[in-house]
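Read-outs throughout are calculated quantities, based only on the coordinates presented, and are distinct from any laboratory measurement. Given the structure is predicted, the values throughout are model-derived calculations rather than measurements. When we count neighbours, we look across all protein chains shown, and the Cβ atoms used for this are built from the backbone with ideal geometry, even at glycine.
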2 protein chains.
Amino acid sequence: MNPDSRRLLVLAEGKFSPLRSKTANGAIAYLRDRVVAVIDSTKVGLTAQEVLGYGGDIPVIRSIQDGLAFKPTHLLIGIAPPGGRLPASWKADIGSAISAGLHILSGLHTLLTDDPDLVALAEKHGVTITDYRRIPPESEVIPKASWTTRKAKVVLAVGTDCNIGKMTVMLEVVKEFKARGLKTDFIATGQTGMLIRGRGIAVDSIISDYTAGCIEKEIDQSVAEGHEYIFVEGQGALTHQAYSGVTLGLIHGSMPDAYILCHQPTRIKDDYGVTLPTLPAAVAMHEQIVSHFKVSKVVGVGINSIGLSDDESRAWSARIERETGLPAIDAFRFGAKPLADALLRHFSFPSNNLPA
Amino acid sequence: MNPDSRRLLVLAEGKFSPLRSKTANGAIAYLRDRVVAVIDSTKVGLTAQEVLGYGGDIPVIRSIQDGLAFKPTHLLIGIAPPGGRLPASWKADIGSAISAGLHILSGLHTLLTDDPDLVALAEKHGVTITDYRRIPPESEVIPKASWTTRKAKVVLAVGTDCNIGKMTVMLEVVKEFKARGLKTDFIATGQTGMLIRGRGIAVDSIISDYTAGCIEKEIDQSVAEGHEYIFVEGQGALTHQAYSGVTLGLIHGSMPDAYILCHQPTRIKDDYGVTLPTLPAAVAMHEQIVSHFKVSKVVGVGINSIGLSDDESRAWSARIERETGLPAIDAFRFGAKPLADALLRHFSFPSNNLPA
């Protein structure tokens, strides 16, 4: 099926909100014309705009059954619970979507295509189940160190926490680079990015020995296609105790020429109650952890200003620019121009990005 | 089968040597009485002692067929190639061992129990295949942050490179702690350690999202059993571009109260040709990467003095002690007393290991 003709019904039961329905929100932000409705029985009658602050009049509805009226072609599992497992109660819902003829798109850790009941049902109804976290066997690779001879510039999004806007800022900078006519690519490393980009690799589902190798392989493919600026979606955070290993695998697998650091000024603690690092500490940490191999700098800060007014967001940008000496902006709200400018300026100095 | 009655035939074809046959060497060092012979057709007629400098008169033989004369009960796949995959030519060899009635012990990434031919053959001959890298489904966990209330002391081995002696130094310190009557446990995180300890988890085979959670779960179990000093086998290195993510997952999953840093003074570069970090840099890096959560110090250096004389090894210890201010010793050769002393001294100061 042509991706552009998809009509997505998005399942976000009980979790549709700015911070708790990451995949749903990514679809609404970047595939807005393709989303027909969002299922969350606790918010029936609201629109995406009312819940998220974007997404226009996409309605929130009660159930898959109600969603069928919108003639969807796909059910997208639009939330990603911690650890990514399938809530038991959902299996029946997914089954009923399949029975109604919907294709299934899932980013859950629990692979739906491992469930013989769902697979049999999908076969019976002639629909497909896409597990974004299904890792192809040819992903069992370790890095070749292709970064040592790479000409293309690679930018990685990192953050002071998980789920803080890394994919979004990369998509916005990519939009800006493409608008300037540059040969630019986005490498998706999570299910939402993969849904939007149409390809990629769910880095957090790779066997940990192969994390770095897998991301290098994606970059190598993009370089071979002629892309000169490659933006890699980040995952996790070096300071997040559950997912820091994923983050470091991504850093050393991509060996970025520059970072964009993502931060939400109003977020004080992570989901473990650990206070987020200061921005100068986070900048130093990311530059240090790659310094054994090469020089890589944090070149800009991507601000996530959910819940703030435009004025408040701008005030935070100014404050963070003073604190870090780096351009800082909510690119989702105001565009990525200052970040794109900073990256191109950074790349124009031959003394940047030298081997260590 | 009682582990103590195992008779291990060790397959290390073409790779039996101090540095290229890690699992074989671990078995010879710590299960010496259980190893009947080592297969490597390029070194037939030598003994383990001649090849490794330890292992006594364990003979090197040509083939599995020749090994049957030693009445083995198990074939141990004794080498771990980069990435861990099964060389295609080995399948026939493993099949012939199964046909001869041997159980199979494997630490390869490629799971032998995924091969229907080998599984069928094992069933036919009534033998078992143990894949140390088979991860049980209940390992899909993220950390609970149990370190925040943990009373037991956890020590993690880290290193300036992979395959540098992290398991060995932990086993030696454990031996020393046990000799002092302390309630001590060893947590194996790789196939060789698992073979020796009889349990554990192959951390490098876990889906990366669960690395930290899995190691915490192993520690929690050990704490529940009443162990007060828990030594965690390290994996990879923060400065190794393929496996740094595994290392960081292990660091943040174990949240160690102290590190032992492993180093081989004669090794200049890693397998990518990247120069190893200096010891002060490595000390700083490991203390820094956990400092967001707690204070943890490198308390001693484990020296791998393969190929050096005892005098040369002692000279390196003295030099490294001057450079780092930390006790440094080849514990495999000279015992772990100075490291054990340093750890107990470290733990006796209440001001150490405070939350950050």
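Taking the label point 7 Å from Cα in the Cβ direction, how far apart in nm is B:Thr73 from each other copy of itself, listed shortest first?
6.1
Mind checking the angle between helix B:337-348 and chain B's longest principal axis? C-alpha axes, 0 to 90 degrees, to the nearest 10.
Tilt relative to chain B: about 50 degrees.
Based on the inverse mean of 1/r over its pairs of different Cα atoms, what is the Kirkwood hydrodynamic radius of region B:112-183, in Å?
Values: mean 1/r = 0.0595 Å⁻¹.
Kirkwood hydrodynamic radius for region B:112-183: 16.8 Å.
From the C-alpha gyration tensor of region A:250-331, pull out the three semi-axes of the equivalent ellipsoid (sqrt of 5λ each), sorted largest to smallest, in whole Å. Don't skip to the end; give the middle numbers.
Numbers: eigenvalues 114, 46, 23 Å².
The equivalent ellipsoid of region A:250-331 has semi-axes of 24, 15, 11 Å.
Taking the Cβ of B:Ser222 as the center, what net charge do the other residues with Cβ under 12 Å away carry, scoring Lys and Arg +1 and Asp and Glu -1? Present the calculation step by step, with values, prior to reporting the outcome.
Numbers: positive: B:Arg150, B:Lys153, B:Lys183, B:Arg197, B:Arg199, B:Lys217; negative: B:Asp185, B:Glu216, B:Glu218, B:Asp220, B:Glu225, B:Glu228.
The answer is 0.
At B:Asp341, with labels set 7 Å past Cα in the Cβ direction, how many nm apart are the copies from this one, shortest first?
Reported distances to equivalent positions: 6.3 nm.
I need the shape label for region B:162-245. Rule: rounded when a/c is under 1.5, else prolate if a/b > b/c, else oblate, with a, b, c from the alpha carbon gyration tensor.
Judged from the Cα gyration tensor, region B:162-245 comes out oblate (a/c at least 1.5, b/c at or above a/b).
Rounded to the nearest 10 degrees, what's the angle between the helix A:279-290 long axis and the longest principal axis of chain A, both from Cα atoms, 0 to 90?
80
Which whole-Hz couplings ³J(HN,Hα) result when phi for each residue of region B:10-19 is put into the Karplus expression 6.51 cos²θ - 1.76 cosθ + 1.60, θ = phi - 60°, listed in order with x for Gly and Pro?
After applying 6.51 cos²θ - 1.76 cosθ + 1.60, I find 10, 8, 9, 3, x, 10, 5, 5, x, 10 Hz.
Name the shape class, rounded, prolate or oblate, that the alpha-carbon gyration tensor gives for region B:53-115, where a ≥ b ≥ c are the square roots of its eigenvalues, rounded holds for a/c under 1.5, and otherwise prolate holds if a/b is larger than b/c and oblate otherwise. Kindly include the intermediate steps, with their values, before the conclusion.
Values: a/c = 2.05, a/b = 1.28, b/c = 1.61.
Oblate, because a/c is 1.5 or more while a/b does not exceed b/c.
For a Förster distance of 30 Å, can you work out the FRET efficiency between the beta-carbons of B:Ser146 and A:Ser291, rounded to the nearest 0.05? Walk me through the numbers before you get to the answer.
Values: r = 32 Å, r/R0 = 1.08.
Computed FRET efficiency for B:Ser146 and A:Ser291: 0.40.
Per residue and in cubic angstrom, what volume does the convex hull of the Cα atoms of region B:12-61 have?
Working: hull volume 2.8 nm³, N = 50.
Measuring per residue, one finds 57 Å³ for the Cα hull of region B:12-61.
Please report how far the C-alpha centroid of region A:170-187 lies from that of region A:237-251, rounded to the nearest whole angstrom.
With region A:170-187 and region A:237-251 each reduced to a Cα centre, they are spaced 25 Å.
Which angle between 0 and 90 degrees, to the nearest 10, do you get for helix A:310-324 versus the longest principal axis of chain A when only C-alpha atoms count?
That helix lies at roughly 40 degrees to the long axis.
Output the relative contact order of region A:3-132, whole-number percent, from Cα pairs under 8 angstrom with separation of 6+ residues.
Values: 256 pairs, mean separation 29.9, N = 130.
Relative contact order of region A:3-132: 23 percent.
May I ask you to report, in nm to one decimal and beginning with the shortest, the distances from B:Gly56 to the same position in the other copies, taking label points 7 Å along Cα-to-Cβ?
Spelled out, the distances from B:Gly56's label point are 8.0 nm.
What is the sum of charges, Lys and Arg at +1 and Asp and Glu at -1, for the other residues whose Cβ falls under 9 Å from the Cβ of A:Thr160? All intermediate terms of the calculation are to be shown ahead of the outcome.
Details: positive: A:Arg267; negative: A:Asp161, A:Asp270.
Surrounding charge for A:Thr160 is -1.
Can you tell me the Rg and Dmax of region A:98-254, counting just the alpha carbons, in angstroms?
Gyration radius and largest Cα-Cα distance of region A:98-254: 16.7, 51 Å.
Viscosity 1.002 mPa s, temperature 20 °C: give me the Stokes-Einstein translational D for the protein assembly as shown in µm²/s, with Rh taken as the Kirkwood radius over C-alpha pairs.
Working: Rh = 27.0 Å.
The diffusion coefficient I find is 80 µm²/s.
Summing Lys, Arg as +1 and Asp, Glu as -1, what charge do residues with Cβ under 10 Å from the Cβ of A:Ile79 carry, A:Ile79 excluded?
Values: positive: A:Lys15, A:Arg20, A:Lys22; negative: A:Glu13, A:Asp40.
Within the 10 Å Cβ shell, the charges total +1.
Taking the alpha-carbon centroid of each part, what is the distance from region B:91-129 to region A:124-143 in angstrom?
Their Cα centres are 27 Å away from one another.
Expressed as a rounded percentage, what relative contact order does region A:139-348 have, with Cα pairs under 8 Å and six or more residues apart? Mind dumping the intermediate values first?
Details: 408 pairs, mean separation 54.3, N = 210.
Here the relative contact order equals 26 percent.
Taking only C-alpha pairs under 8 Å that are 6+ residues apart, what is the relative contact order of chain A in percent? If you can, show how the numbers build up before the last one.
On the way: 725 pairs, mean separation 48.7, N = 356.
Computed over chain A, the figure is 14 percent.
If I take the Cα coordinates of region B:139-348 and project them onto the principal axes, what are the three extents in Å, biggest first?
Extents along the principal axes, in whole Å: 45, 41, 34.
For chain B, set up a GNM with springs between Cα atoms under 10 Å and report which of B:Leu46, B:Leu76, B:Leu105 has the largest fluctuation.
B:Leu46
Apply 1/(1 + (r/R0)^6) to the Cβ-Cβ distance of A:Ala100 and B:Thr42, taking R0 = 56 Å, and write down the FRET efficiency to the nearest 0.05. List each step's numbers first, then the result.
On the way: r = 63 Å, r/R0 = 1.13.
The calculated FRET efficiency here is 0.35.
Mind checking the mean number of beta-carbon atoms from other chains within 10 Å of the Cβ atoms in A:246-258?
Numbers: counts 8, 4, 12, 11, 2, 4, 9, 4, 0, 1, 0, 0, 0.
Going residue by residue through A:246-258 and averaging, the value is 4.
Test of understanding: ordering B:Leu8, B:Leu279 by Cβ neighbours within 10 Å, fewest first, what list do you get?
Working: B:Leu8 27, B:Leu279 19.
Sorted ascending by nearby Cβ count, the order is B:Leu279, B:Leu8.
Could you give me the radius of gyration and the Dmax of region B:3-132, taking only the C-alpha atoms into account and expressing both in angstrom?
Considering region B:3-132 through its Cα atoms, Rg and Dmax are 13.5, 40 Å.
Connecting C-alpha atoms closer than 10 Å in a GNM of chain A, tell me which of A:Ala188, A:Ala179, A:Ala336 has the biggest fluctuation.
It is A:Ala179.
Under the Kirkwood approximation applied to all pairs of distinct alpha-carbon atoms, what is the hydrodynamic radius of chain A in Å? Before the final figure, lay out the partial values.
Details: mean 1/r = 0.0481 Å⁻¹.
For chain A, inverting the mean 1/r across all distinct Cα pairs yields 20.8 Å.
Is the shape of region A:238-282 best called rounded, prolate or oblate, per the rule: a/c under 1.5 gives rounded, else a/b larger than b/c gives prolate, else oblate, with a ≥ b ≥ c the square roots of the Cα gyration tensor eigenvalues?
Values: a/c = 2.86, a/b = 1.46, b/c = 1.96.
Cα axes put region A:238-282 in the oblate bin.
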